[in-house]
Amino acid sequence: MDIRFFEEERVFKIDTENTSYIMALTDEPGYLGHAYYGPKVSDAYARLLRTGDYPFTPDVNPRDKLGFLDSFPMEYSFHGTGDFRETAFKIRTEGGNVACELKYFSHVIEKGKPGIPGLPACFGDNALTLIITLKDAPTGMAVRLYYSVFEDNDTILRSAVAVNEGSGTVFLERMLSASFDMDDEDFELITLHGSWARERHIDRRPLAHGFQGVSSLRGESSHQHQPFIAIAEKNADQDSGSVYGMQFVYSGNFLAMVYKGQYDNIRMMMGINPEDFCWKLEPGAEFHAPEVMLVYSAEGLGGMSRSWHDLIREHLIRSRYKYIERPILINNWEATYFDFDSDKLLAIAKTAAEHGIEMLVMDDGWFGNRYDDNRALGDWKVNEEKLKGGLGKLVEDVKALGLKFGIWFEPEMVSPDSDLYRAHPDWAIAVPGRVAGLARNQYVLDLSREEVKEYVFKCLTDILDSADIAYVKWDMNRQLADLGSAQLPADRQGELFHRYVLAVYELQERLTSRYPDLLLENCSGGGARFDAGMLYYSPQIWCSDDADAIERLMIQEGTALLYPLSTMGAHVSDCPNHVVGRVTPFETRGYVALAGTFGYELDITKISGEDRAMIPKQAAMYKKYHGLVAGGDYYRIASYSENGYHDSWLCVSKDKSEGLLTFIQVLNRPSRHTVKLKLRGLSPEKSYRIFRFDMESGEEESFIPEALHGDTLMNAGILIPRMNGDFKGILLHIKTT
Ligand code: GLA
């Protein structure tokens with residue numbers, strides 16, 4: 001790891017263990033250009049800026065300044081003075097002008113990694129940070145660009161701060177966090193798309209001229225698109241090929257874009273979505289744009305995933321639970337929906353305790369008159385008709401059975417049919433004079449208002465202080481529309497989306513500081529707010545409301561492209577599955593949930609005795625392999641979404657002494673050879689034995705009798721026996737001899 005400025009060449013060079021990132025300043029007037037990003041190189045090499053090509057720099061050829069600005073590989077692009085591509089930065093002055101020209105002013109290189117006020121950001125000591133200040137003289141706007149690297153990771157953390165050093169008010173209309181330009185090398189674009197119950201499926205397509213990418217305007221990162229974008233060489237696969245990935249440490253509206261220009265040059269950008277965003281900066285004020293994780297991998301998509309998994313585990317998640325075993329939970333949502341009382345919950349808890357489950361989570365429906373999803377959000381008072389004797393009694397009864405207790409909240413919302421809304425209708429986000437639209441019959445609270453935020457915090461802490469609660473599921477079940485705050489002035493209404501996200505962060509910061517031992521799981525109608533921003537506050541996020549083992553293969557494959565398995569909320573759920581109606585074996589559901597936090601979401605008192613009897617064995621399986629899943633390196637071995645028949649992934653311990661391979665045969669195929677899998681990530685020289693976990697006995701049995709070297713297992717591969725029927729699974733433990 002190194003960051004240096006080469007004075008004579010006017011070049012900045014950032015090195016991580018395997019990559020180099022090079023920027024250079026032009027002679028007067030000092031534009032900051034992007035020269036190179038990719039595998040590590042030795043030289044402070046800036047010729048690739050092509051300033052020797054026509055139209056040259058404006059000091060050499062002032063008559064064609066616009067031509068220069070429209071083709072120069074800009075490091076942080078700005079709007080309104082001749083760069084006609086999509087840009088990263090746009091301001092409007094009080095006079096209504098949008099011209100801006102950012103030129104180099106100064107830089108510093110510091111030890112460490114600064115945080116970002118009010119926003120989630122990576123942290124750690126073994127880091128270096130470069131801060132480059134650019135300025136637009138006529139308006140007095142300054143932009144500070146941040147680049148941080150850690151000793152142990154190839155990711156570059158980027159963020160930016162805008163400072164109004166002028167004398168007039170300026171409106172930020174576009175302030176992306178990161179942007180850089182390079183040549184297209186026949187790249188393809190990779191993004192994740194989805195919907196409710198079908199989150200994070202992988203999309204891959206060739207780059208075309210013009211702009212392309214994904215975004216959210218829903219007030220959250222969303223089911224539909226992930227705050228992530230990558231470009232990859234055409235043949236880049238799991239093991240090889242160049243991949244450039246950007247991921248946003250943010251949970252609101254975003255834009256992730258690639259622009260391909262007239263010279264086949266590309267610009268990759270990420271930041272807060274400029275649509276419906278306008279931030280007023282009075283003289284002296286600053287605006288902090290959230291962090292972007294930028295990585296280059298020469299080891300294909302797998303290399304990108306593993307860099308980010310390590311970064312997220314080591315430098316982003318703060319919760320003390322990040323590596324340690326989470327209690328195996330049982331959640332009553334699919335078991336009872338709203339139809340429960342303490343007797344029902346205790347019956348579930350009793351049987352759960354007898355089968356090795358460690359925590360009962362009481363989901364939606366325990367407060368106010370919440371008998372269905374049409375009412376009572378905001379009224380966070382225990383419904384004692386359901387919880388006879390109150391919450392404290394229920395928690396003590398559950399604890400007496402040997403289980404911990406967890407609870408569901410949806411603190412950001414209010415139902416029109418609630419005491420809260422009747423008392424404070426103006427606390428809901430709405431445009432004066434318009435009837436705001438409902439979603440799931442609820443409104444969103446205007447968390448930009450202090451009194452609303454305080455009310456929410458008090459509701460949470462009143463409940464958490466009233467009983468011994470080990471876990472909170474923080475849900476968020478609708479998107480933001482009809483944006484309007486009764487309190488913000490007209491020229492600050494464009495700040496509401498971002499202020500909302502800042503308030504959610506502040507609330508979760510306060511909550512996790514006040515209850516450091518609390519296990520927090522974020523959730524948003526399943527996985528609509530599964531992003532790196534939320535992982536700063538909670539070590540796990542509910543992946544999807546679809547817990548069908550087969551649907552989950554694709555959801556979890558896309559999720560694991562970016563996030564460590566330890567973050568993925570995954571449960572063995574009821575069958576026929578409540579979303580798709582599919583029936584899958586209990587055993588297979590267990591193997592798929594093992595790739596996440598592991599738990600149950602069903603009525604344990606009603607499932608078959610045979611399935612119930614498997615629970616203690618699955619619990620033992622989780623305990624046995626959790627360390628490998630949560631702390632190991634992740635390798636994708638086969639993809640059902642690509643081949644249509646089977647799926648497989650492998651977790652390898654950091655010292656490569658063991659691995660855990662999961663294979664799911666989705667559909668059986670007649671007249672085919674057995675499937676051959678080539679393993680990855682093992683040590684070529686080490687010798688391994690392979691054991692199969694037998695769910696019936698809960699024991700391991702030999703799978704291949706002889707010991708084999710890692711090189712054999714990775715190059716020649718292993719055969720997976722054909723299993724009769726669909727939706728079958730196998731779990732293999734690979735251990736050094
Ligand atoms: C969301 C969550 C579910 C459940 C319900 C309760 O949909 O994703 O797991 O908690 O809300 O209303």
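The values are calculated or read from the model by the stated rules, or taken from the named source; none is laboratory data. Predicted model, so just to flag it, every value in this text is computed and none were measured. Here Cβ is always computed from backbone atoms with ideal geometry, including for glycine, and neighbour counts include all displayed protein chains. Surface areas here come from the heavy atoms of the whole protein model, side chains and all, with no ligands, DNA or RNA. Shrake-Rupley method; radii C 1.70, N 1.55, O 1.52, S 1.80 Å.
Numbers below:
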{"item": "Accessible area of the range 483-620 belonging to carbon and sulfur atoms, whole % at 1.4 Å probe", "result": "51"}
{"item": "For the range 1-85, projected area of the alpha-carbon convex hull averaged over all directions, nm²", "result": "5.7"}
{"item": "Whichever aspartates and glutamates have a C-alpha closer than 17 Å to that of Lys623, once near sequence neighbours (fewer than 8 apart) are set aside", "result": "Glu325, Glu354, Glu358, Glu587, Glu658, Asp694, Glu696, Glu699, Glu700"}
{"item": "Whole-Hz couplings from phi, Karplus 6.51/-1.76/1.60, listed for the range 599-610; x for Gly and Pro", "result": "x, 10, 9, 6, 8, 4, 7, 10, 6, 5, x, 5"}
{"item": "Options Tyr45, Ile704, Met554, ranked by Cα towards positive dipole end of the chain, top entry (Cβ charges)", "result": "Ile704"}
{"item": "In the range 689-737, trypsin sites (Lys or Arg not before Pro) in a DSSP loop with at most 15 other beta-carbon atoms within 10 Å", "result": "Arg722"}
{"item": "Ratio of Rg to Rh over the range 329-631 (Cα coordinates, Kirkwood Rh, two decimals)", "result": "0.97"}
{"item": "Listed residues Phe727, Asn715, Asn668: farthest to the positive end of the dipole of the range 636-736 (Cβ charges)", "result": "Asn715"}
{"item": "Extension reserve of the Asp184-Arg434 stretch, reckoned as 0.36 nm per residue once the Cα distance is removed", "result": "85.3 nm"}
{"item": "Whole-angstrom gap from the range 705-737 to the range 149-193, using each part's C-alpha centre", "result": "43"}
{"item": "In degrees, nearest ten, helix 549-562 long axis to first principal axis of the chain (Cα)", "result": "30"}
{"item": "Apportionment of accessible area to carbon and sulfur, the range 341-383, percent (1.4 Å)", "result": "50"}
{"item": "Mean separation of Cα contacts under 8 Å (6+ apart) over length of the chain, as relative contact order %", "result": "10"}
{"item": "Distance from the range 445-523 to the range 373-419 (C-alpha centre basis), Å", "result": "18"}
{"item": "3J(HN,Hα) from dihedral phi, the range 30-41, Karplus parametrisation 6.51/-1.76/1.60, rounded to Hz, x for glycine, proline", "result": "x, 7, 9, x, 9, 9, 6, 8, x, x, 4, 10"}
{"item": "Gap separating the Cα centres of the range 196-226 and the range 48-100, nearest whole Å", "result": "29"}
{"item": "Furthest towards positive pole of dipole, Pro425, Tyr259, Tyr296, structure part the chain, Cβ charges", "result": "Tyr296"}
{"item": "Angle between the chain longest axis and helix 342-354 axis [Cα atoms, degrees, rounded to 10]", "result": "80"}
{"item": "5 angstrom amide H check on Glu700, placed H, neighbours 5+ away", "result": "Asp694"}
{"item": "Counted charge near Pro721, where neighbours are those whose Cβ lies closer than 11 Å (Asp, Glu -1; Lys, Arg +1)", "result": "+3"}
{"item": "P(r) of the chain over all Cα-Cα pairs, binned every 10 Å from zero, in whole percent", "result": "3, 14, 24, 24, 19, 11, 5, 1, 0"}
{"item": "Accessible area of the chain divided out per residue, in Å², using a probe of 1.4 angstrom", "result": "35"}
{"item": "For the range 576-584, Karplus couplings with θ = phi - 60° (6.51, -1.76, 1.60), whole Hz, Gly/Pro x", "result": "x, 4, 6, 9, 10, x, 7, 10, 10"}
{"item": "Ellipticity estimate at 222 nm from DSSP helix runs (n ≥ 4, -39,500 (n - 2.57)) divided over the chain, nearest 500", "result": "-6000 deg cm²/dmol"}
{"item": "Relative contact order %, the range 397-479, counting alpha carbon pairs below 8 Å whose residues are six or more apart", "result": "46"}
{"item": "Apportionment of accessible area to carbon and sulfur, the range 46-111, percent (1.4 Å)", "result": "51"}
{"item": "Shape category assigned to the range 2-315 from the gyration tensor of Cα positions, a/c cut at 1.5", "result": "rounded"}
{"item": "Per residue, the convex hull volume that the Cα atoms of the range 636-736 enclose (Å³)", "result": "101"}
{"item": "Convex hull volume per residue in cubic angstrom - Cα atoms of the range 309-372", "result": "132"}
{"item": "Calculated Rg and Dmax of the range 442-538 using C-alpha coordinates, Å", "result": "14.1, 45"}
{"item": "Entries in Lys234/Lys676; Lys103/Lys453; Lys90/Lys113; Lys624/Lys676; Lys381/Lys404 that, when Cα-Cα distance is taken, lie over 32 Å", "result": "Lys103/Lys453"}
{"item": "Over 21 Å between alpha carbons, listed pairs Lys350/Lys393; Lys654/Lys735; Lys13/Lys654; Lys473/Lys617", "result": "Lys13/Lys654; Lys473/Lys617"}
{"item": "Listed peptides 665-672, 168-175 by packing density, highest first (mean Cβ within 10 Å)", "result": "168-175, 665-672"}
